[in-house]
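Down below is the structure, laid out as structure tokens.
Values in this text are rule-based calculations from the coordinates and carry no lab data. Remember, it's a predicted structure, so these values are computed and weren't measured experimentally. Cβ placement follows ideal geometry from the backbone for every residue including glycine, while neighbour counts extend to all protein chains displayed.
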Amino acid sequence: METKSKTEKLAMFFVSGKGPVVTHLFCSLKCFEESTFSGKMVSGLINANPVVYEKKERRVRSVPSAAADEYAVEPIDQQEIFDILSLFIGLTYDLGLKVVLYFDLDIKDPEHPYSLEELKVISEDAIDVDDSRGSVRVTFTPTVEHCSMATVIGLCLRVKLLRSLPSRYKVDIRVAPGSHATEAAVNKQLNDKERVAAALENPGLLDMVDECLSPSYE
Amino acid sequence: MRLVYGSDRLISKGGLPQKLSRVTSLGKIKCCLLLIRGAHRTHNARVQTPTQLVNASTESIHSPPTGCQILVLPTRQHRSSVTQYPSFSLFFTTLLFNSPANPLFSQSSQPHLAMELAKGLREIQKLEGHTDKVWSLAWNPVTGVAGIPLSFASCSGDKTVRIWEHNPSSSTSSWDCKAVLDETHTRTVRSCAWSPSGKFLATASFDATTAIWENVGGDYECVSTLEGHENEVKSVSWNPSGSLLATCGRDKTVWIWEVQPGNEFDCVAVLQGHTQDVKMVQWHPSRNLIFSCSYDNTVKIWADEGGDDDDWACVQTLGETNNGHSSTVWALSFNDGGDKMVTCSDDLTLKIWGTDNEKMQSTDDFVPWRHLCTLSGYHDRTIFSVHWSRDNIIASGAADDTIRFFVENDDKDGLVDGPSYKLLLKKEKAHDMDINSVQWSPGEDRILASAADDGTIKIWELTSAG
């Protein structure tokens, strides 16, 4: 029996909807991509050998001196945003990555051990914060150029920041230049607040986002 | 000495201010009222020679060539005497003349009078009530005149529509919520629009429907629900006569509905051509044309080509190749004459488009639109809303929480390359979050309403005080 390509298998999964473990996620993803955003279903490459980077040494947070006004508003900085995101998005991305890797027969263990940070999907350097202007820009790097999860990851990032930051913050979410085949389209979708608002009124999608953001997921 | 400013929904339709701006010797009139009668097509009103206006320093009647009569009253205080001329239409204008004798108007830098008058933006009231983003608002067009208090509708992510009304009798200017229209839409209400008569309100929702509400003595009843779009409906617009309705949405289409007796609405056309999400649809103020703008970065103009009934087709696409936008076009608005249009975009620019007004009046054929100028460098984030006032002030509302006002440069040199526009006023932190909609009131005063993600609506007055 001839071996089907990975792409075909992935495509079959989308069509039949059959498959272990991740059905719910995929259904949500399908829902998200087809009816909420207009992006075409991506059934492309699979990252067989993700490059894994070492975790970055955390720099020590500066502790306010005793003389400092304890009621002073502490501006939100890069590291804080990163912490907000990395605490959950590692899981999110793992979840996404697992789905992709599951269909890669070369990797036996579907439980992908790497965190978002280790995959350099998101790094502290890729977060720009201007607290005085209330702007936050997050640039993330999908591990594969055709990662179909890019819009979902981006949406999770947006929702997480939406729920974590004071409302005065303006958040821009982008994929790193050159990191995604449909970079412009992904960026445009993620930053169209009307489409994001409509997406978040989609119950299936909202469930998925909530699941990704849930801290208790293990 | 020159006329620097003229305004009226009627007068400016014919481009009269442009004609008048050539008047160079006009005495010391600061302002006056114009009344017009007898014009079958009021927008054809013309004043062609300066002498006709030289006499305007006193009360007099002129007979411009087009057959309509113009009555000029010398001061604004004469407004009350309008009732003495019952045969004249109740169209009046305020004309303001620049005169060296009056220091207010005597700056040498050829100031647009709007620049002189609009020095500040006063917040009249902040209206709270919606519990989610306020996406859009629409003034009832028949309010603000003849003693009817100003009123508008707002719609929100909280799935409701609210009707707000000015209470002029209270000692402090007060706006109150008169009605909440709920339990009809099941998702965000994205857009709302009044019929020209002010009797019906149409609301477009992410729930894929458009609802029609009838105003019966201040009570609103949903009399019809328009279904057909595949998913989110994003905008709705009535044609000038109120006989047709256009809707558009995520499914990339624009639908035209015909109003039938008994609050029935028949879909008479589904216009396909946009390649993405259609963000806004707007009828031309006097012609049977539909303008739609989209996530595909273009503006499309649709016309009934005649022949078979309802043979609608796209007659022009304003895209990047004709100096159009390079990202989502969120909104558009026409000047009062209907010969210019402003569009706003995610590419952080406003663009002004124009058509040949003379030609448009003289033919039934479609007259193409062309790019006139681009206002770039003023906005920091996406511009969601733009609205052109009857007295030629363009207001924009953007994701940087700022409201900006633009006016045409009153610089003759600019005429060589077409008009140019400059920033008149900027109100930073007008809201705490993104501003989704800015709309000028239909009344005579420079009242503007803005709606924002922070769930509030604000009423503003453009003032001459600093």
Let me know the shape class of region B:205-280, please: from the alpha-carbon gyration tensor, a ≥ b ≥ c as square roots of the eigenvalues, rounded when a/c is under 1.5, otherwise prolate if a/b is greater than b/c, or oblate. prolate
If I model a spin label at B:GLU258 and A:ASP125 as a point 7 Å from the Cα along the Cα→Cβ vector, what separation in nanometres do I get? 6.5
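When each pair of different Cα atoms in region B:118-464 is counted once in the 1/r mean, what is the Kirkwood radius in angstroms, to one decimal?
Working: mean 1/r = 0.0496 Å⁻¹.
One over the average 1/r among Cα pairs gives 20.2 Å for region B:118-464.
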Region B:176-194 scanned against label point 7 Å out from B:THR225 along Cα→C-beta; backbone N under 20 Å for B:180-193
Geometric extent, Cα atoms of region B:156-248 - Rg, Dmax (angstrom): 14.0, 49
Of B:LYS159/B:LYS300; B:LYS300/B:LYS340; A:LYS170/B:LYS429, which sit over 19 Å apart, Cα to Cα? B:LYS159/B:LYS300
Please list log₁₀ I(q)/I(0) at q = 0.13, 0.15, 0.27 Å⁻¹ for region B:299-356, using the Debye equation with identical point scatterers on the alpha-carbon positions. -0.40, -0.51, -1.12
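Please find the FRET efficiency linking B:THR131 to B:SER243, where r is the Cβ-Cβ separation and R0 is fixed at 60 Å, and quote it to the nearest 0.05.
Numbers: r = 36 Å, r/R0 = 0.60.
The formula returns an efficiency of 0.95 here.
Contour minus end-to-end for B:ASP445 and B:SER362, with contour as 0.36 nm per residue of separation and end-to-end as the Cα-Cα distance?
Working: separation 83, 0.36 × 83 = 29.88 nm, distance 3.27 nm.
Gain on extension, B:ASP445 to B:SER362, equals 26.6 nm.
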For region B:118-464, size of Cβ-based charge dipole, Lys and Arg +1, Asp and Glu -1, in debye: 1040
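Could you line up B:LEU348, B:LEU332 from fewest to most neighbouring Cβ atoms inside 10 Å?
Working: B:LEU348 21, B:LEU332 24.
Ranked by crowding around the Cβ, least crowded first: B:LEU348, B:LEU332.
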Shape call for region B:311-466 from the C-alpha gyration tensor, a ≥ b ≥ c root eigenvalues: rounded (a/c under 1.5), prolate (a/b greater than b/c) or oblate? prolate
For a Förster distance of 30 Å, can you work out the FRET efficiency between the beta-carbons of B:VAL216 and B:ALA146, rounded to the nearest 0.05? 0.90
